[in-house]
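The values are calculated or read from the model by the stated rules, or taken from the named source; none is laboratory data. For clarity, every value in this text was computed on a predicted model and none was experimentally measured. Here the Cβ positions follow ideal geometry from the backbone for every residue, glycine too, while neighbour counts run over all protein chains shown.
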Number of protein chains: 2
Amino acid sequence: MSHAYGPVPRKEDARFIRGQGTYVDDIKLPGMLHGAILRSPLAHARIVAVDANAALAHPSVVAVLTGEDLAERGMAWMPTVFGDVQAVLATDKVRFQGQEVAFVVATDRYAARDALELIVVDYEPLPPLIDPLTALDPGAPVIREDLPDGNRVFDWTAGDKPATDAAFAAADVVVGCDMIYPRSHPAPLETCGAIADYDAVNGRLTLWSTSQAPHAHRVMYAALTGIPEHKIRIVSPDLGGGFGAKVPIYPGYLCAVAASQATGRPVKWVEDRSESLMSTAFARDYHMHGEIAATADGEILGLRARVLADHGAFNAAAQPSKFPAGFFHIFTGSYRTRAAYCEVTGVFTNKAPGGVAYSCSFRITEAVYLVERLTDMLARRLGMDPAELRMRNLLRPEQFPYTGPTGWQYDSGDYPRALRLALDMAGYDELRREQAERRARGEYMGIGLSFFTEGVGAGPRSHMDIMGLAMSDGADLRVHPTGKAVLAVSVQTQGQGHETTFAQLVAEELGLSPDDVDVVHGDTDRTPFGLGTYGSRSTPVSGAAAVVAARKVRERARLVAAAMFEASPDDLEWLDGKWRVRGDPDQALGIAEIAMAAHSTIELPTGIEGHLDASAVYNPPNLTFPFGAYICVTDVDPGTGEVKVRRFIAVDDCGVRINPMIVEGQVHRGLADGIGIALMQAISFDEIGNCLSGSFMDYLLPTSLECPSPELGATVTPSPHHPVGAKGIGESATVGSPPAVVNSVVDALAPFGVTHADMPLTPANVWLAIQAAGRLSSG
Amino acid sequence: MSHAYGPVPRKEDARFIRGQGTYVDDIKLPGMLHGAILRSPLAHARIVAVDANAALAHPSVVAVLTGEDLAERGMAWMPTVFGDVQAVLATDKVRFQGQEVAFVVATDRYAARDALELIVVDYEPLPPLIDPLTALDPGAPVIREDLPDGNRVFDWTAGDKPATDAAFAAADVVVGCDMIYPRSHPAPLETCGAIADYDAVNGRLTLWSTSQAPHAHRVMYAALTGIPEHKIRIVSPDLGGGFGAKVPIYPGYLCAVAASQATGRPVKWVEDRSESLMSTAFARDYHMHGEIAATADGEILGLRARVLADHGAFNAAAQPSKFPAGFFHIFTGSYRTRAAYCEVTGVFTNKAPGGVAYSCSFRITEAVYLVERLTDMLARRLGMDPAELRMRNLLRPEQFPYTGPTGWQYDSGDYPRALRLALDMAGYDELRREQAERRARGEYMGIGLSFFTEGVGAGPRSHMDIMGLAMSDGADLRVHPTGKAVLAVSVQTQGQGHETTFAQLVAEELGLSPDDVDVVHGDTDRTPFGLGTYGSRSTPVSGAAAVVAARKVRERARLVAAAMFEASPDDLEWLDGKWRVRGDPDQALGIAEIAMAAHSTIELPTGIEGHLDASAVYNPPNLTFPFGAYICVTDVDPGTGEVKVRRFIAVDDCGVRINPMIVEGQVHRGLADGIGIALMQAISFDEIGNCLSGSFMDYLLPTSLECPSPELGATVTPSPHHPVGAKGIGESATVGSPPAVVNSVVDALAPFGVTHADMPLTPANVWLAIQAAGRLSSG
């Protein structure tokens, strides 16, 4: 019987709504200095000399750090969180436009920015490598002399090639397509920033930073600065979104650390929006060729993909270890196939570092997009309805737990039920009739479907890691004498509502109100180790740790209650939020009464510790696999290429919902994300590597005008891999919605013969796709 | 084999020596206001009216709180930590000079103090009760109308009266004496203070305060303010001494809280030295009659005491529960006796609240003083050497564990060994020869001995409590991936060196260096529950919890190491700071290597949690009983009454010494304390309750001129009640030294017939004692 789950208003809203959140830039320390970064105007150039004398002479400038200065401290290069290295301040050459070259520290932010212009850098331009398709050509410019393998980041395959080739050979029909998942930027409300405060007397570093993974960062700072780990405190205060972009460490953070050590004062660095758009680690940038093979009646037989991944100049994320392409290898998605095979090659180019997972389990977005586009193409080729084709091939409930062709085991699902619900909510058949009528009137309405499965909640057994650190997350739960509880978790909220959801998880286990449970996060001094929030792992991993800790507390409370009742612990049962004497349920003790006793001078039996605390470390047995069926209805104007999203129906199954209001909020956010990705957003470069999308004038984000109020539905298939059956939901809609939008637009344009168009489907791109299809008739 | 114990320099000295400690008054918050307290000039008066209008009109004054204002918030009265209540701001009447009447909040401290003079209080004077000996007289002024029992705090007895009377009846000799242990004040370097910061948006209170017991205080603040416990954070930053005076909550703290709630801004209140000396809770003030019965050859047969304890107007400490007189009931001290009996009565008077334990297990100071004075008197009466009498009656090693006549079990000891060492160090026989020679020359040299046993390290089974809360203390130990550790403890250092000693305790168990272990304390947000530091309980209780937590971590490390070795945990042994394969000790893993593995992606066997943390709650099986033999050599000028301490020999046995340098530092401090108490310090009042010792001009503290460099010796008798055999040492010298000094002075004055003189032995009091003895001859 649940009493704490439900649409509880978010506890964090009290401060956010009143403008009382505390973000990095809100923190002001006595004597604090301000840093600014000089960035390279060139994408590829040798650094001949850096002259900072004029800047140092500026009356407000306290210090200037160059790559040479950092090299003396052993800090010119840093490891990235996923196993590459990255220049903090360039010493030998610059490798992308916007790369960090020098760091000015001044008494205010304005002076620091002004003084940047006083630094003279002598660059010797080098030919830039921009197009990833040429990266492995003989004679291509070499970007990373520090690596043995030229511009190749990795080569990696998954699946069974002979079986896949055989499946394709036996197929009645094969459909294939080149497609690009463009370079994308999550553009969080708050850009990246840090304040470093080095205390030379005690040898301690406190670093407030926009970090999704404070504990992992701390290990890295310890290795790089030589400050012992236990003397470093990383605080992630309120974060205005992260979406994966705040998993890496950025050079600005380390410059602030070095500058605080050099000046003996706190140093703040906060990037502006242009800096963020030009140099924050990017996502996507997958150049894919996909093929699908099927029987004539629409049974999918095989899937094949060749992928070139553009990682930019440094590899901020993709880990060249067991699964360098991340979750791309579960690219068979939600369908039964006989065989599948993919090859992924990562390359370096003269662009800002890439490879982060923007609101998705790393690379699953691209995989879902690929298979959902191919499915639609296959339906078109076969003359089948795309819903019917999907229903025919979806995994069946009785197949779970299901082990896919690349070896991963999906936990639970009832896919047809979700798709049926979405079709019912949409009034699918009626929509198709309406579409036919409109086409007859020369109106181009599209109906796009997607069905996605995501693998989220990575743990140590998922073989994904950050710096070799385990993805087991801790939870420390302390119940105070008056029965009020504080839960400290390793994960870091960026706005997802952990303070509410986790309080509900604990309250449910202990018979408390969510108001009685405070959640602490984002401070390495106060929280157990763990790898942070990304890949929708907070509820699946850290939430599970919270539940396990709460259950440990409950068992400890049972022993105390037994002493209070002078009964055997075995004679007690947990019923309706209290420990009760079996057979005499009026003899009952709630957690608050037991907590006071556990902290009081009652005589506890030997062997029972006082207090009422517990810790847990959760190693999930596997990922959890949320899934969903999405339907997007668009209206496309073939004259202007403008796309309007008329309806969006989203049925999500994330297992048991702790707080349905927060779940729906996450879906709202993700749908806006997906609509933006599909229709507007792309980071682009000219042929010499100038970033063309360095402001919100060029990198467009959707507003409420572009996003319809979505129609949300839910099915609930509990996860057997989670103590309360919950899966992650944070990223589902970002993953699932872009193919629905693109399928919808392509569906709208079917009369023109358009079979595919690459994102973003801006008016210009849509118009060009129509032109390219060569049929301008009103058909 | 110990590698981490030893005279390691104190880790905290890095900041203290450089003036970089952070005390409450060093903390400055944005927008902070400053409070000042209006105090009663009268010891006993009815409050007719309080008019704050003129003060409120002061341009810098933001708010004025009166008792009425607090009454509206339900905060006019507060519970004391030991079960009484106390007025925060007086509403009905004032009960001692210096009592809190109003609280002014202004933009700076000076304005707040100035504005106090603008408040008009109309007092109706009442007859004051100052002499505790008249407190129970019929017709005595009634101080506490809120209590049913007039001016009586408690009546309490311990021991066997008939058996004691029988022992006295059978004795050859009975010696008795009235003696006063004067009212005393620890006068810590830092006075009391607090900063309250109430955050109305989040409903959170942060309170920085000079608190020796932050967790217990939090429970009280939660009850009094209605703010839930988990929304209250109490921080005790660096404290400049506490000595028991910072165990209670003071009205100023609560005024700061109410003022922050009323103004919405942080409010600081720090008392000045006069306020501290007049109103900080006092210690001692025992009016005792003691008797000792013995055989003609010096065998002690019985002890008897009647005590009147002056608790002032409110009972800040003495708990009217099972042991209202605290440890006084082990007043038989270090000696075998057939029987003992004591009666203690506590009374209220019109003085500042009293009853705190100033550097001692509550009331043991007075008990040791009584028995050590009586022992000396008995020796004089019998014509025995006081050392010989003590040696004859000391408990023998084979008697341990020893259960005293009031039921307490002493853990371990070799008392004769300690006394023999002290006598040897002193060159006792030679000193006695010298004394005789000097007397012959008209020089009055005294040799005073004391032998003390203290019971320290109270836990839940000691039946002493604060607000009914248990004295079990927690320790949370976290080993970070790189093998650096952080230990969070419930106790709060006031300068005792916990950051070093506790680091050594953990380092020893884990094969680390003390530098690898940081100790966190004094912040309820970061530390486990516990009752704080007083009664020398840090090492006995919290230190034990730290050791238990470290051993849990070591066992967890064994499981991880076994997985790394692919061996059975049973095949590993802990040897020389590492887990080693039994029989192949070169296969070894230290904690740092194991910690990294426990946080990494190695496959840990099912059932083994990752990370390397552990928590422990320690419920000591009993007190630990440190003891010591002290010898004080004085030179007394009978013409002026001046006393010079020439030598002080102190042999302490506090069990196993973790850091002998810190132990010796504690003894140095305590000896200075005891010399001050014996010779200079006393809080005194005139007949209408005016405090006569409100500054350091009147309340004298010893300096290095009055304190010789002591000669320290040690014996080591490990405690079986502690995991590494340590006992507490913080207060031993404060407890043990005053009787040695007084015995020495009385010994010096023996030729004048002086048999006793009450502390403080100021020149005037010594001179008067000589006069009273009636023999002004040159002896």
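The set of residues in the stretch A:8-59 that are more than 14 Å from every other protein chain (Cβ to nearest Cβ) and among the polar types (S, T, N, Q) comprises A:40, A:53. In this structure, residue B:35 does not qualify as surrounded by 14 or more Cβ atoms within 10 Å (Cβ to Cβ), closer than 30 Å to residue B:504 by Cα and either outside the structural domain of residue B:113 (by TED's automatic domain parsing) or in contact (Cβ under 8 Å) with a residue 60 or more places away in the chain (or both).
Consider the stretch A:226-284 and keep the residues that are among the acidic types (Asp, Glu) and within 14 Å of chain B (Cβ to nearest Cβ). The one that is surrounded by the most Cβ atoms within 10 Å (Cβ to Cβ) is A:229. Of all residues in the stretch B:57-69, those that are surrounded by fewer than 20 Cβ atoms within 10 Å (Cβ to Cβ) have Cβ atoms under 7 Å from Cβ atoms of residues that are acidic (Asp, Glu), 6 or more apart or on another chain, in B:60/B:108.
Exactly one residue out of A:472, A:513, A:490, A:536 is closer than 28 Å to residue A:598 by Cα, under 21 Å from the mean Cα position of the chain (by Cα) and assigned by TED's automatic domain parsing to the domain that holds residue A:612, and it is A:490.
Out of the residues in the stretch B:622-641 that are surrounded by fewer than 23 Cβ atoms within 10 Å (Cβ to Cβ) and in contact with a Ser or Thr (Cβ under 9 Å, 6 or more places away or on another chain), state the one that is farthest from the other protein chains (Cβ to nearest Cβ). Looking at the filtered set, the residue picked out is B:638. Set side by side, the residues A:475, A:426, A:422 differ, and just one is within 14 Å of another protein chain (Cβ to nearest Cβ) and either under 30 Å from residue A:612 (Cα atoms) or surrounded by 23 or more Cβ atoms within 10 Å (Cβ to Cβ) (or both), which is A:475. Screening the candidates B:729, B:677 for the property of being assigned to a loop (DSSP other than H, G, I, E, B), surrounded by 23 or more Cβ atoms within 10 Å (Cβ to Cβ) and aliphatic (A, V, I, L, M) yields one hit, B:729.
I'm trying to understand the selection: among the residues of the stretch A:487-506, which are within 12 Å of chain B (Cβ to nearest Cβ) and modelled with pLDDT of 95 or more? Selection gives A:487, A:488, A:499, A:503, A:506. Within the stretch B:77-105, being touching a residue at least 60 places away in the same chain (Cβ under 8 Å), more than 30 Å from the chain's Cα centre (by Cα) and surrounded by fewer than 24 Cβ atoms within 10 Å (Cβ to Cβ) holds for no residue. Out of the stretch B:293-323, which residues are crowded, with 24+ Cβ neighbours inside 10 Å and modelled with pLDDT under 90? Once the filter is applied, which keeps residues that are crowded, with 24+ Cβ neighbours inside 10 Å and modelled with pLDDT under 90, the stretch B:293-323 yields B:315, B:316, B:317, B:318, B:319. Just so you know, in the stretch B:360-403 the residues that are touching a strand residue (DSSP E or B) at 6+ places or on another chain (Cβ under 7 Å) and free of Cβ contacts under 8 Å to residues at least 40 places away in the same chain include one that is surrounded by the fewest Cβ atoms within 10 Å (Cβ to Cβ), and it is B:403. Just one of the numbered conditions (1) in a loop (DSSP other than H, G, I, E, B); (2) within 14 Å of chain A (Cβ to nearest Cβ) is not true of residue B:518: (1). The number of residues in the stretch A:476-517 being charged (D, E, K, R) and closer than 25 Å to residue A:230 by Cβ comes to 2.
Just checking, does the stretch A:662-682 include any residue being within 14 Å of chain B (Cβ to nearest Cβ) and over 30 Å from residue B:216 (Cβ atoms)? The answer is no; no qualifying residue exists. Scoring residue A:562 on the criteria (1) out of contact with any Asp or Glu (no Cβ under 8 Å at 6 or more places or on another chain); (2) free of Cβ contacts under 8 Å to residues at least 40 places away in the same chain; (3) surrounded by 20 or more Cβ atoms within 10 Å (Cβ to Cβ) leaves a single failure, condition (1).
Residues being away from every other protein chain (no Cβ under 14 Å), surrounded by 22 or more Cβ atoms within 10 Å (Cβ to Cβ) and under 25 Å from residue A:473 (Cα atoms) are entirely absent from the stretch B:594-612. Would you mind finding the one in A:442, A:457 that is at positive phi, under 29 Å from the mean Cα position of the chain (by Cα) and small (Gly, Ala, Ser)? That would be A:457, the only listed residue that is at positive phi, under 29 Å from the mean Cα position of the chain (by Cα) and small (Gly, Ala, Ser).
Across the stretch B:189-225, the number of residues qualifying as assigned to a loop (DSSP other than H, G, I, E, B), more than 10 Å from every other protein chain (Cβ to nearest Cβ) and of a type in the set (A, V, I, L, M) comes to 2.
All but one of (1) assigned to a loop (DSSP other than H, G, I, E, B); (2) within 30 Å of residue B:543 (Cβ to Cβ); (3) touching a strand residue (DSSP E or B) at 6+ places or on another chain (Cβ under 8 Å) hold for residue B:683; state the number of the condition that does not hold. Among (1) assigned to a loop (DSSP other than H, G, I, E, B); (2) within 30 Å of residue B:543 (Cβ to Cβ); (3) touching a strand residue (DSSP E or B) at 6+ places or on another chain (Cβ under 8 Å), residue B:683 violates only (2). The condition of being within 21 Å of residue A:634 (Cα to Cα) and either modelled with pLDDT of 95 or more or not assigned by TED's automatic domain parsing to the domain that holds residue A:725 (or both) holds for only one of A:419, A:382, A:394, that being A:419. Could we say that residue A:504 is in contact with a helix residue (DSSP H, G or I) (Cβ under 7 Å, 6 or more places away or on another chain), more than 21 Å from residue A:623 (Cβ to Cβ), crowded, with 24+ Cβ neighbours inside 10 Å and not basic (Lys, Arg) here? Spelling it out, residue A:504 is indeed in contact with a helix residue (DSSP H, G or I) (Cβ under 7 Å, 6 or more places away or on another chain), more than 21 Å from residue A:623 (Cβ to Cβ), crowded, with 24+ Cβ neighbours inside 10 Å and not basic (Lys, Arg).
Tell me, please, whether a residue that is crowded, with 20+ Cβ neighbours inside 10 Å, under 22 Å from residue B:674 (Cβ atoms) and either assigned by TED's automatic domain parsing to the domain that holds residue B:94 or without any contact (Cβ under 8 Å) to a residue 40 or more places away in the chain (or both) can be found in the stretch B:193-206. No, the stretch B:193-206 contains no residue that is crowded, with 20+ Cβ neighbours inside 10 Å, under 22 Å from residue B:674 (Cβ atoms) and either assigned by TED's automatic domain parsing to the domain that holds residue B:94 or without any contact (Cβ under 8 Å) to a residue 40 or more places away in the chain (or both). Restricting attention to the stretch A:406-417, does a residue exist that is in contact (Cβ under 8 Å) with a residue 40 or more places away in the chain, touching a Gly at 6+ places or on another chain (Cβ under 9 Å) and more than 24 Å from residue A:301 (Cβ to Cβ)? So far as the stretch A:406-417 goes, yes, one or more of its residues are in contact (Cβ under 8 Å) with a residue 40 or more places away in the chain, touching a Gly at 6+ places or on another chain (Cβ under 9 Å) and more than 24 Å from residue A:301 (Cβ to Cβ).
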